[in-house]
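These notes concern the structure reproduced below.
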Amino acid sequence: MARREHFGGRSAAILALAGSAIGLGNIWRFPYMVGQMGGAAFIIIYLISCVLLSLPIFLAEAVIGHRTHAGTFGAMEKLAPGTKWKWLGLLTVVSPLIILSYYSVVGGWSLGYLWQSLTTGFHAGEIGAVSSAYGAFISSPGWPLLCHTLFLLGCAWIVSAGVKSGIEKFNKITMPLLFVLIVLIMVYSLSLPGAAAGVDYLVRPDFSKITPSAVAAAMGQSFFSLSLGVGTILTYASYIRKNENILATGLGTVGFDLLFALVAGFAIMPAVFAAGIEPGAGPGLIFETLPYIFSKMGVVAPALSAIVAVLFFVTIACAAFTSAISMYEVGVAYLVEQRKLSRRKATALIFLGTWTLGALCSLSFGPLAELKLFGLSLFSFCDMLTSNFLMTFGGLLFVLFVGWKMDKAVVRDEFTAGGTARFNCAVFDAFWFLLRYIAPLAIVIIFITNFFA
Ligand code: PFF
């Protein structure tokens, strides 16, 4: 069997992990959740839950992947051979592929909007008209299907090239570009007249907005944003070289993800306020309000408006690609390592499965709108099932596995790079406590709140 590939070094590993973490969750989901859940107060809970909850879970997944140098299923087989834990290995092969299917639909929309900004631009006029244009686009069967197909083909192309020449290379080019683009957009957005109200919204907390469901939503968002509970972190960590410092890699990734989410918030909210739009507009926030802003801007400065629109949709598409390939890779790693398929065949098989489910999700905005599962369209059902249940459930099982099943000495060895990293040795007890007690409790709370919300 071919030798297992590795990322080139720590920076390559951080860029790949950050690539998985930074995605639509930061640019599309985070700003609209901040808008819906009450601005700065939500951001504060989000920051706390990233550090106290998500970082330990991230490290738990990374410990498993790095220890075993295997994909999710193989890792469970290595650490707990012949036990029921193999189901966790299988669950975390399936969950990211379900997410990938509908994620690719939204990734496709960003390609569709990019195409529009490159060709006709946005001239829809009033916000109502822009919203109907968005509705018409996502429900027209042909375009979104084509965009979904192109998006997924792009992912397949990158993943089939391998861990180093595909995934690592793509992230190395795209991630720095993404940071530059989002900062440029932020600077532009902050310069708009009326932007100050958006800044105020993001920095002045209203603590009355902190409700149990806001707390659960913030924790859930930190899960989604850090790609937790579905084996992507585990799989990428399995490509990190043996002597690498897992804590440093984890801190780097979580730090970049947080920074990016905040910058994205400051790139979007000031523009939303400047245009006098309701911040709680929901999932359509970036696809409805931003084209509106671009169309308004286009009246005064058409060239600038066109440039910003292109940059914005390039940013979203790149962010979506870097995340989507991490989900894709989980399935490919399983088929290559466990089913002994070639990387090309594995990539093709995953393409077929996720394309089909994604196509059905895409059609659920139009011709298949009547098809309901638990009262939800197929797209919303897949989103709800994965973000509210499968990610949290997978995360819970990972922390229970590392905190209660794995040998503490092994976990310490991984966490402290064989006892050589002094800072890691100093914080190991705090990590262990958060992992064994706080994380499982917090996940159960999110789970129950999601169930009854
Ligand atoms: N973290 C990604 C984002 O914020 O867009 C979403 C994601 C990627 C979720 C990978 C799950 C996953 F396995």
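The values are calculated or read from the model by the stated rules, or taken from the named source; none is laboratory data. Quick caveat: nothing in here was measured; it's all calculated off a predicted structure. No Cβ is skipped: glycine too gets one built from the backbone with ideal geometry, and neighbour counts run over all protein chains shown. Side chains are part of the model used for accessible areas, which takes the heavy atoms of the whole protein and leaves out ligands, DNA and RNA. Shrake-Rupley method; radii C 1.70, N 1.55, O 1.52, S 1.80 Å.
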Quiz item: Taking θ as phi - 60°, what are the ³J(HN,Hα) couplings along segment 210-216 by the Karplus curve (6.51, -1.76, 1.60), each to the nearest whole Hz, with x for Gly and Pro?
Solution: 7, 10, x, 6, 5, 5, 4
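Counting pairs of Cα atoms in the chain, how many percent are more than 27 Å apart? Don't skip to the end; give the middle numbers.
Working: 52196 of 102378 pairs.
Considering the chain, 51 percent of its Cα-Cα pairs are separated by more than 27 Å.
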Quiz prompt | Order by protection proxy (mean Cβ within 10 Å, highest first), peptides 151-159, 86-94 | solution = 151-159, 86-94
Self-check item: Rh (Kirkwood; distinct C-alpha pairs) - segment 256-317, Å
Solution: 12.2 Å
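For segment 9-133, with every protein chain kept in place, what is the accessible area per residue (1.4 Å probe, Å²)?
Result: 30 Å² of accessible area for each residue.
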Quiz item: Binned at 10 Å from 0, what are the whole-percent values of the Cα-Cα distance distribution for segment 35-122, short to long?
Solution: 14, 23, 28, 23, 10, 2
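For the chain, which whole percent of the accessible surface, found with a 1.4 angstrom probe, sits on carbon and sulfur atoms?
Values: 12210 of 17300 Å².
Carbon plus sulfur share of accessible area: 71 percent.
So what is the relative contact order of segment 1-132, in percent, for Cα pairs below 8 Å that sit 6 or more residues apart? Could the numbers behind the result be given before it?
Working: 35 pairs, mean separation 13.4, N = 132.
Computed over segment 1-132, the figure is 10 percent.
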Exercise. Give the share of C-alpha pairs in each 5 angstrom bin for segment 356-453, from 0 to the last occupied bin, in whole percents, shortest bins first.
Key: 2, 12, 16, 14, 12, 11, 9, 8, 7, 6, 3, 1
Quiz item: Using modelled amide H (1.01 Å from N, peptide plane; none on Pro or chain starts), what sits under 5 Å from the amide H of ALA417, excluding residues fewer than 5 places away?
Solution: ILE246
Quiz item: Structure shown: which of LYS169/LYS340; LYS84/LYS172; LYS78/LYS242; LYS78/LYS345; LYS209/LYS405; LYS84/LYS340 lie over 27 Å apart, alpha-carbon to alpha-carbon?
Solution: LYS84/LYS172; LYS209/LYS405
Self-check item: Principal axes of segment 299-370: Cα extent on each, largest first, Å
Solution: 58, 33, 14
Exercise. Enter the Cα centre distance for the pair segment 185-250 and segment 383-453, rounded to the nearest angstrom.
Key: 18 Å
Quiz item: How high is the relative contact order of segment 349-453, in percent, with contacts defined as C-alpha pairs under 8 Å that are six or more residues apart?
Solution: 23 percent
Quiz prompt | Tail fraction, Cα-Cα pairs, segment 134-202, threshold 15 Å, whole percent | solution = 72 percent
Practice problem: Count charges around GLU168 for me, please; just the other residues with Cβ under 13 Å from its Cβ, Lys/Arg as +1, Asp/Glu as -1. | Solution: +3
Quiz item: Once every DSSP H run of n ≥ 4 in the chain is given -39500 (n - 2.57) and the sum is divided by its residues, what mean residue ellipticity at 222 nm do you get, rounded to the nearest 500 deg cm²/dmol?
Solution: -22500 deg cm²/dmol
Quiz item: Can you give the FRET efficiency for ASP429 and TRP87, using 1/(1 + (r/R0)^6), R0 = 22 Å, r = Cβ-Cβ distance, to the nearest 0.05?
Solution: 0.10
Quiz item: Rg/Rh for segment 258-391: what does it come to with C-alpha atoms and Rh from Kirkwood?
Solution: 1.06
Exercise. Pull out the extension gain between ILE438 and HIS123, defined as 0.36 nm times the separation in residues minus the alpha carbon to alpha carbon distance; nm, one decimal.
Key: 108.3 nm
Practice problem: Can you tell me the equivalent ellipsoid semi-axes for segment 336-386? Use √(5λ) from the Cα gyration tensor, largest first, whole Å. | Solution: 29, 12, 6
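I'd like to check one number: the per residue accessible area of segment 276-432, probe 1.4 Å, reported in Å² as a whole number.
Numbers: 6450 Å² over 157 residues.
Accessible area per residue: 41 Å².
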Self-check item: Among ALA271, LEU258, VAL410 - extreme Cα towards positive end, dipole of the chain, charges at beta-carbon
Solution: VAL410
Quiz item: Which percent of Cα pairs goes in each bin when the distances of segment 1-150 are cut into 10 angstrom slices starting at zero?
Solution: 9, 24, 30, 24, 11, 3, 0
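Within a Cβ distance under 15 Å of LYS408, other residues only, what is the Lys/Arg minus Asp/Glu net charge? Intermediate values should be presented prior to the final figure.
Working: positive: ARG67, LYS405, ARG412, ARG436; negative: ASP407, ASP413, GLU414, ASP429.
Net charge in that neighbourhood comes out at 0.
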Quiz item: Over the chain, what is the relative contact order in whole percent, taking alpha-carbon pairs under 8 Å and six or more residues apart?
Solution: 34 percent
